[in-house]
Amino acid sequence: MKKKRQPTRADLAVCAIIFRLMRTLGRIPRPLARKVGNFLGDAGFRLDRRHREITLNNLAFAMGAELDGEQRWRTARAVFRNLGQILFEVGWSLRAPASELNHTVRIDGLDNYRAAWEKGRGVLTITAHMGNWELLSIVAERSSIPINVVYRPLDYMPLNLFFEKLRSRFGARLIPSSHAMLRIVRALKKKEVVSILMDQSVDWYDGVWVDFFGRRTCTSKGVALIALKTVAPVLPVFLYREDSGFRAVFGKEIPLVVTGDKTSDIESNTLNYSKAIEKGIRRHPEQWFWVHRRWKKRPYCPWPRIPA
C-alpha cells in the first residue's frame, strides 16, 4: 500500500490562498454570480473544443433518439453553464450562515432514507456528478445523517486539502477510495451512511459491463460487492439546482438481488444501481457531467468479449 504523502507548509499555504479566493467569490451577490457563472460556462463551451465535442458526442450516443441536433447543442451549452455555476456556489456556501443554507436546500424523500436506516445495517447511498454534488454534505448535516464520503484524492495536494476541508466541514468523514472496503464495512456496522459516486468509467478489472442509457459500459462493482457482503440497503440521492436554490432527492431503496451466484448477483445489482443513476440524470440531463468519457472503448481483457 502506497504511503500517503504528508502536506508541506507550502501545500498548506496554497490551500489557505484557495480558501480565501473561494470566500472572496462568495461575496458576489448570488444573482450576479449566476450571470457570471453562465458567462464563464458559455465561454468554456465556445473555447474548449475538446470537451464540447465529448459532451455533444456523449449526448448523441446516449440520447440521440430523444434529442435532435439543436436540442443536444442547447443541452451541451447548459452543461457548461452548470459547471460555471459550481465555483461560485461553493464560494457562497463557505460564507453563508447555516440558516441561509438550510433555507436554500430543500429535501424530498427523506422518509426513504429513514426507512432504510431503521433496518439497522447502515445505509449505502449512490449518487452522481449532478447539479452541485459538492454541497450534498449540507443535506447530511441538516438531516442529522452520520455520513462517510468515499472519494479519490487529487494529485495536487493543495487542491486536495481544500476539497477535504470543504467536504468534511459539516461533519462528514472522508474515506479514500483506495483500499476503502474495510472502512466502509466498519462505518456500516456502526449504522452510519456511506456515500459513493457511481457515474464514472472504470477499468475492466474494477467493474462489470452493464447497460447505461442503452449502451454497455464498464461500471464499478464496488457497491454491489459491499451490499452483498453487508446486506446494507442502497438508495440513490441527487442534488439538483433550481431557480430558488437546490433540491435534494432521496430515492427509494433498490432491492438487493441475491441468488447465490456471486457473478450474476454482482452484475444484476450493478445494473440496477446503474439504472437508478440513469433515472436521476434523466430528471435534469443538463446538470450532469457529460464532459466525462463515460463510454470509453473497451480495454484489453483476457476473457472472451461480451456481445454488444
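Taken together, the values in this text are just the output of simple stated rules run on the coordinates, not laboratory data. Everything numeric in this text was worked out from a predicted model, so none of it was measured. Reconstructed Cβ throughout: ideal geometry from the backbone, glycine too, with neighbour counts over all protein chains shown.
Under 15 Å Cα-Cα from Lys165, which aspartates and glutamates qualify once same-chain neighbours fewer than 8 residues away are excluded?
By straight Cα distance, Lys165 reaches Asp11, Glu134, Glu141.
Filter the chain for me: DSSP H helices, axial length by Cα at least 15 angstrom, mean Kyte-Doolittle hydropathy not below -1.0. List them by residue number.
Details: long enough: 9-25 (24 Å, 1.15); 30-47 (25 Å, -0.13); 49-63 (20 Å, -0.50); 69-95 (40 Å, -0.41); 157-168 (16 Å, 0.09); 262-283 (32 Å, -1.12).
For the chain, where a helix must reach 15 Å along its axis and average at least -1.0, the hits are 9-25, 30-47, 49-63, 69-95, 157-168.
Can you tell me how much longer the chain between Val36 and Leu174 gets when fully stretched, taken as 0.36 nm per residue apart minus their C-alpha distance, in nm with one decimal? Let's see the in-between values first.
Working: separation 138, 0.36 × 138 = 49.68 nm, distance 3.15 nm.
Length difference between fully extended and current span is 46.5 nm.
Subtract the Cα-Cα distance of Leu154 and Ile28 from 0.36 nm times their separation in residues, and report this length gain in nm to one decimal.
42.6 nm
Could you give the nm distance between label points at Lys279 and Ala98, where each point is 7 Å from its Cα heading toward the beta carbon?
Here the modelled spin labels are 3.4 nm apart.
Given Cβ point charges of +1 (Lys, Arg) and -1 (Asp, Glu) and nothing else, what value in debye, to the nearest 20, does the dipole of segment 9-287 about its Cα centre take? Could you put the intermediate results ahead of the total?
Values: 43 positive and 29 negative charges, 160 e Å.
Once rounded to the nearest 20, the dipole reads 760 debye.
Binning at 10 Å from 0, report for segment 149-271 what percent of all alpha-carbon pair distances ends up in each bin.
11, 36, 38, 14, 1
Using the Karplus curve 6.51 cos²θ - 1.76 cosθ + 1.60 with θ = phi - 60°, work out ³J(HN,Hα) for each residue of segment 171-178 in order, rounded to whole Hz, and write x for Gly and Pro.
Computed from phi, the couplings for segment 171-178 are x, 5, 9, 9, 10, x, 5, 6 Hz.
Please sort 94-105, 72-83 by packing, taking for each peptide the average over its residues of neighbouring beta carbons within 10 angstrom, highest first.
72-83, 94-105
To one decimal place, what orientation-averaged projected area in nm² is obtained for the convex hull of the Cα set of segment 25-69?
4.3
Checking the table Lys190/Lys229; Lys119/Lys190; Lys4/Lys189; Lys191/Lys229; Lys189/Lys229 against a 18 Å threshold on Cα-Cα, which pairs fail?
Details: Lys190/Lys229 15 Å; Lys119/Lys190 12 Å; Lys4/Lys189 26 Å; Lys191/Lys229 15 Å; Lys189/Lys229 12 Å.
Pairs exceeding the cut-off: Lys4/Lys189.
Nearest 20 debye, what's the magnitude of the dipole of segment 84-150 about its Cα centre given +1 on Lys and Arg Cβ and -1 on Asp and Glu Cβ? Present the calculation step by step, with values, prior to reporting the outcome.
On the way: 6 positive and 7 negative charges, 35 e Å.
For segment 84-150, the charge dipole is close to 160 debye.
For a quick check: sort Thr219, Thr55 by the number of other beta carbons within 10 angstrom, fewest at the front. Please list the in-between numbers first.
Numbers: Thr219 27, Thr55 24.
Lowest count first: Thr55, Thr219.
Antiparallel versus total DSSP beta bridges in segment 9-287: what percent is that, nearest 5? Before the final figure, lay out the partial values.
Details: 12 of 31 bridges.
Bridges in segment 9-287 that DSSP calls antiparallel: roughly 40 percent.
Using a 7 Å offset from the Cα along the Cα-to-Cβ direction at both Arg142 and Val185, what is the distance between the two label points in nm, to one decimal?
Distance between the two pseudo-spin positions: 3.6 nm.
With each pseudo-label sitting 7 Å past Cα toward Cβ, what's the Arg20-Asp206 distance in nm, one decimal?
A separation of 3.6 nm, rounded to one decimal place.
Using Cα pairs closer than 8 Å and at least 6 residues apart in sequence, work out the relative contact order for segment 9-287, in percent.
Values: 443 pairs, mean separation 62.0, N = 279.
Reported relative contact order: 22 percent.
Which residues' amide hydrogens lie under 5 Å from the amide hydrogen of Lys191, considering only partners 5 or more residues apart or on another chain, with H built in the peptide plane?
Gly122
Along the positive direction of the dipole of segment 1-62 (beta-carbon charges: Lys, Arg +1; Asp, Glu -1; about the Cα centre), which of Phe39, His51, Ala10 reaches farthest?
Ala10
Please give the FRET efficiency for Ser244 paired with Ala43, using the beta carbon to beta carbon distance and R0 = 22 Å, rounded to the nearest 0.05. Please list the in-between numbers first.
Values: r = 26 Å, r/R0 = 1.18.
With R0 = 22 Å, the Cβ-Cβ based efficiency is 0.25.
Assuming R0 = 51 Å, can you tell me the calculated FRET efficiency for the pair Arg9 and Glu70, based on Cβ-Cβ distance, to the nearest 0.05?
Details: r = 53 Å, r/R0 = 1.03.
Computed FRET efficiency for Arg9 and Glu70: 0.45.
Mind listing P(r) for the chain? All alpha-carbon pairs, 20 Å bins, whole percents.
30, 61, 9
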